[in-house]
């Protein structure tokens, strides 16, 4: 029988010895890292167990808490008028600057007035002629009446003269109406602002031929002060809205769309007469003085309306409220800086505070941050001055 070369046997033995050495080294390393040093293992483990968890806390207090609801809304003017021409003609002059504030009655533009001035002159001449004819008819009637009285004239002639006076009187009245119409058309050739507000961008160019039937006006004048805000709330808020409105106008605050910047304060002016059946929302309108023009027509804003104020509410920071499988709860701090969980019933929330109707009493301390590391019985260290000392002591014991 052939034997394996001696070199192969030596190689196998070498690999075997290297494997044993590697296992021994790994075991030594594990023992070094995981085997506690004599006399320190119990101290280290005990210190870790006793190390307080650093948290922030707050004390439940009694406050008058406003009940506020929010809704996205659109700023809309109380009045906006598209100014159109009322007579045909050439746009002779534009008297406004785009974006200018105007008062009711200010001249915005003029239509070429010459044709209308000529029409006024013609109507005036016709009216004067009719007045003269009326005067002559009255003279003729008076003469016919005298002749009839003396027997020199007939009754028919007198009656004819009286009828002619009535005809000429009606003709003069018609002439007067035509003159008034001509004067009115001449007045319409001057386009004035119908309301006080701000003019927008002009929609017609100087020199254009305009007609009263044109769909596009010259410019739009928008009332800026005061201004309205239309927003929506759910139908569930209707009872509080109606009850609050019955006591007086409810306060409404306008904020930027991201709710970061306060813009203006106003009053609720109207609640829509019906709920949108497709969304379950009701429309509301609030009015703002807008003296500083912080609200702009068409702007999207957040409207916060104060429905009422709940007096003597027990409140905690909203960050203290946690949600679990059984509902809302908080961590209460007990003697020895240990915490326990307490199920709570919450009410309205406002400005970072939440009302608690059950589960927390005024004066009790709740944990407001760091709850993820807590369970019932956990020792905590508040991050105030005393809490920092306690936390430092716990870290020192753990070393």
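The values are calculated or read from the model by the stated rules, or taken from the named source; none is laboratory data. What you see is a predicted model, and the numbers here were worked out from it, not measured in a lab. Heads up, the Cβs are rebuilt from the backbone with ideal geometry, glycines too, and the neighbour counts pull from every protein chain shown.
(1) outside any strand (DSSP E or B); (2) touching a strand residue (DSSP E or B) at 6+ places or on another chain (Cβ under 7 Å): which one isn't true of residue 214, the others all being true?
Evaluating residue 214 over (1) outside any strand (DSSP E or B); (2) touching a strand residue (DSSP E or B) at 6+ places or on another chain (Cβ under 7 Å) leaves (2) as the failure.
If only one of 332, 284 is in the same structural domain as residue 62 (by TED's automatic domain parsing) and assigned to a strand (DSSP E or B), which one is it?
When all the criteria are applied, what remains is 332.
Based on this model, can you work out whether residue 256 counts as on the phi < 0 side of the Ramachandran plot, within 10 Å of the chain's Cα centre (by Cα) and either in contact (Cβ under 8 Å) with a residue 24 or more places away in the chain or surrounded by fewer than 16 Cβ atoms within 10 Å (Cβ to Cβ) (or both)?
So residue 256 passes the test.
Can we say residue 131 is farther than 30 Å from residue 290 by Cα and modelled with pLDDT under 95?
no
Which residue is farthest from the chain's Cα centre (by Cα), if the candidates are limited to region 362-391 and must be surrounded by 12 or more Cβ atoms within 10 Å (Cβ to Cβ), part of a helix (DSSP H, G or I) and modelled with pLDDT under 90?
Applying the filter and picking the extreme gives 390.
Rundown of residues vs (1) at pLDDT below 95; (2) surrounded by 13 or more Cβ atoms within 10 Å (Cβ to Cβ); (3) in contact with a strand residue (DSSP E or B) (Cβ under 8 Å, 6 or more places away or on another chain), yes/no style:
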residue: 166; (1), (2), (3): no, no, no
residue: 172; (1), (2), (3): no, yes, no
residue: 188; (1), (2), (3): no, yes, yes
residue: 219; (1), (2), (3): no, yes, yes
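Against the definition (over 30 Å from residue 78 (Cα atoms) and either modelled with pLDDT of 95 or more or not in a loop (DSSP other than H, G, I, E, B) (or both)), how does residue 319 come out, yes or no?
Yes; evaluated as a whole, the condition is true for this residue.
So that you can scan it fast, the table gives a plain yes or no per residue for (1) crowded, with 16+ Cβ neighbours inside 10 Å; (2) touching a strand residue (DSSP E or B) at 6+ places or on another chain (Cβ under 8 Å):
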site: 70; (1), (2): no, yes
site: 77; (1), (2): yes, yes
site: 90; (1), (2): no, yes
site: 103; (1), (2): no, no
site: 125; (1), (2): no, no
site: 155; (1), (2): no, no
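Somewhere in region 141-163, is a residue modelled with pLDDT of 95 or more and under 30 Å from residue 223 (Cα atoms)?
no
Only one of 79, 97 is under 19 Å from residue 206 (Cα atoms) and under 60 Å from the mean Cα position of the chain (by Cα); which? Let's see the steps before the verdict.
Numbers: 79 fails: under 19 Å from residue 206 (Cα atoms).
Going through 79, 97 in turn, the sole match is 97.
Kindly indicate the residue of region 49-90 that is part of a strand (DSSP E or B) and either touching a helix residue (DSSP H, G or I) at 6+ places or on another chain (Cβ under 6 Å) or free of Cβ contacts under 8 Å to residues at least 60 places away in the same chain (or both) and also nearest to residue 194 (Cα to Cα) among those meeting that condition.
69
Residue 398: buried (at least 19 other Cβ atoms within 10 Å of the Cβ), farther than 30 Å from residue 247 by Cα and at pLDDT below 90, yes or no?
Details: buried (at least 19 other Cβ atoms within 10 Å of the Cβ): no; farther than 30 Å from residue 247 by Cα: yes; at pLDDT below 90: yes.
So residue 398 does not fit the description; no.
Hey, could you check region 350-361 for residues that are farther than 11 Å from residue 321 by Cα and assigned to a strand (DSSP E or B) and say which is modelled with the lowest pLDDT?
350
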